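The values are calculated or read from the model by the stated rules, or taken from the named source; none is laboratory data. Just so you know, these numbers come straight off a predicted model, no measurement behind them. Cβ sites come from the backbone with ideal geometry, for glycine too, and all protein chains shown count toward neighbours. Areas reflect the complete protein model, heavy atoms only, side chains present, ligands, DNA and RNA absent. Shrake-Rupley method; radii C 1.70, N 1.55, O 1.52, S 1.80 Å.
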Amino acid sequence: MLTKIKIQTPPKESLINITEQVKEAVRASGVQEGMCVLVIPHTTAAITLNSALDAATAADIIGDIRRLIPTRVDFNHIYDTPADAAGHIKSTLIGASVTLIITKGELLLGGSQFVLFYEFDGPRQRQINIRIMEDR
Amino acid sequence: MLTKIKIQTPPKESLINITEQVKEAVRASGVQEGMCVLVIPHTTAAITLNSALDAATAADIIGDIRRLIPTRVDFNHIYDTPADAAGHIKSTLIGASVTLIITKGELLLGGSQFVLFYEFDGPRQRQINIRIMEDR
Amino acid sequence: MLTKIKIQTPPKESLINITEQVKEAVRASGVQEGMCVLVIPHTTAAITLNSALDAATAADIIGDIRRLIPTRVDFNHIYDTPADAAGHIKSTLIGASVTLIITKGELLLGGSQFVLFYEFDGPRQRQINIRIMEDR
């Protein structure tokens with residue numbers, strides 16, 4: 001099954017918890033045993049798995065990724081904003097595609113593991129494409 | 001087929017070669033042509049593909065990732081240890097999910113390519129969940 | 001279906017746009033609805049999704065990844081060149097496997113999204129293995 005999630009991201013860099021929407025897509029598919037491919041059609045955002053139990057973890061991730069790839073004015077790509085140019089690099093580091101396992105009709109995740117959409121250049125209307133495949 | 005590998009990780013950051021266990025899971029599935037999704041249910045560890053021919057390569061990877069994300073006391077997430085906070089960031093950079101190809105009943109890997117579990121916050125009991133899907 | 005793409009990479013670090021070859025592989029498979037796993041059998045290269053609309057974006061990515069992981073002489077792995085040692089680290093950061101969605105017989109990508117092979121240690125003969133799976 002192919003489905004998609006749509007979200008509106010905030011102006012600031014952020015990790016948006018989309019776990020519940022992905023779980024709903026899995027349930028709607030009716031697939032009991034299989035897998036789930038999440039791909040974002042964007043190049044200044046990413047998708048990742050991490051803890052969402054403590055908001056401080058997101059702050060640490062966003063802070064350190066910003067420290068590694070500072071938004072600055074000396075990028076080569078100056079057609080858009082410096083945040084956009086930095087976002088392309090961050091997207092390549094974190095990744096735009098993640099594959100998960102489905103069992104007993106549910107996503108198989110760890111107890112502190114969540115599916116997070118990582119916005120580097122908001123605010124934007126964003127989309128996560130989802131392919132759910134059954135293991136026959 | 002859904003299966004899992006369990007490992008005990010050492011106290012220090014380390015790249016643990018789990019290629020043989022993944023190959024055994026593929027053989028046990030009986031799948032000749034297909035794919036294999038590996039997902040770890042952890043947020044302070046990662047899974048990656050790299051060379052394991054020379055232990056110095058692992059030392060270089062671990063050393064540079066530590067240089068990029070130093071374990072330090074000024075993280076926002078202070079519920080756990082600084083190694084745990086750093087581990088969340090490293091996990092997002094390296095990734096918790098990898099998808100591989102199976103052909104002729106075996107994993108399709110390069111000659112110097114191995115499946116590596118990357119521990120950032122050991123020692124721990126860790127797990128790798130594996131979904132093996134046949135290409136019919 | 002299992003297929004592969006072969007490319008010759010240049011001497012310098014580069015992002016090589018392989019989108020058209022991947023699209024041709026998808027069309028050749030005849031699969032209308034499904035997914036596509038791309039895995040490179042190399043440990044000093046990577047595969048990523050990003051914009052290829054402006055060559056300056058590739059220059060920014062390559063520049064910043066080089067800034068983060070400088071090629072230098074103090075690596076532990078000294079069997080090969082310093083570029084090779086740095087390439088192993090970059091490969092682990094960017095990743096050697098990407099999973100995409102197929103719909104209506106085509107890759108589902110964003111308007112500015114392309115499939116890029118990332119060479120860290122050229123020139124080399126490189127290969128991208130592709131498993132195309134149908135969603136039945």
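Numbers at a glance
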item: For the protein assembly as shown, projected area of the alpha-carbon convex hull averaged over all directions, nm²; result: 17.7 nm²
item: For the range B:1-115: Kirkwood Rh in Å [reciprocal of mean 1/r, alpha carbons]; result: 15.7 Å
item: Nm distances between copies for residue B:103, ranked from closest, using label points 7 Å along Cα→Cβ; result: 2.9, 2.9
item: Complex-versus-alone comparison for the range A:115-136, residues with a loss of 30 Å² or more in accessible area, probe 1.4 Å; result: A:129, A:131, A:133, A:135, A:136
item: Rotation relating B and A, chain A residue nearest the axis via C-beta, angstrom; result: A:99, 3
item: Under-5 Å amide H pairs with residue A:133, H placed in peptide plane, nonlocal only; result: A:35, A:36, A:37
item: Residue-by-residue Karplus 3J(HN,Hα) for the range A:20-31, coefficients 6.51, -1.76, 1.60, Hz, glycine and proline x; result: 5, 5, 5, 4, 5, 4, 5, 4, 4, 6, x, 6
item: Shortest-first distances to equivalent copies, position residue B:79, nm, label 7 Å out along Cβ; result: 4.3, 4.3
item: Solvent-accessible area, 1.4 Å probe, carbon plus sulfur percent, for the range A:1-66; result: 53 percent
item: Solvent-accessible area buried by pairing B with C, both sides, nearest 100 square angstrom, 1.4 angstrom probe; result: 2600 Å²
item: Anchor residue C:104: lysines whose Cα lies under 19 Å away (excluding residues fewer than 8 positions away in-chain); result: A:4, C:23
item: Mean Cβ neighbour count within 10 Å, used as a protection proxy, ranking A:109-115, C:83-89, A:1-7 highest first; result: C:83-89, A:109-115, A:1-7
item: Cα centroid of the range C:10-41 to Cα centroid of the range A:72-96, whole Å; result: 24 Å
item: In Hz, Karplus ³J(HN,Hα) per residue of the range C:105-114 (6.51, -1.76, 1.60; θ = phi - 60°; x = Gly, Pro); result: x, 10, 4, 8, 10, x, x, 10, 10, 9
item: Relative contact order [Cα under 8 Å, 6+ residues apart], the range A:41-136, whole percent; result: 48 percent
item: Per-residue mean of C-beta atoms belonging to partner chains within 10 Å, peptide A:50-58; result: 6
item: Partner chain coverage, peptide A:73-80 - average Cβ within 10 angstrom; result: 5
item: Chain C - accessible surface per residue (Å², probe 1.4 Å); result: 38 Å²
item: Residue A:107 long-range amide H proximity, modeled H, under 5 Å; result: none
item: Residue-averaged beta-carbon neighbours from other chains (10 angstrom radius) around B:36-49; result: 6
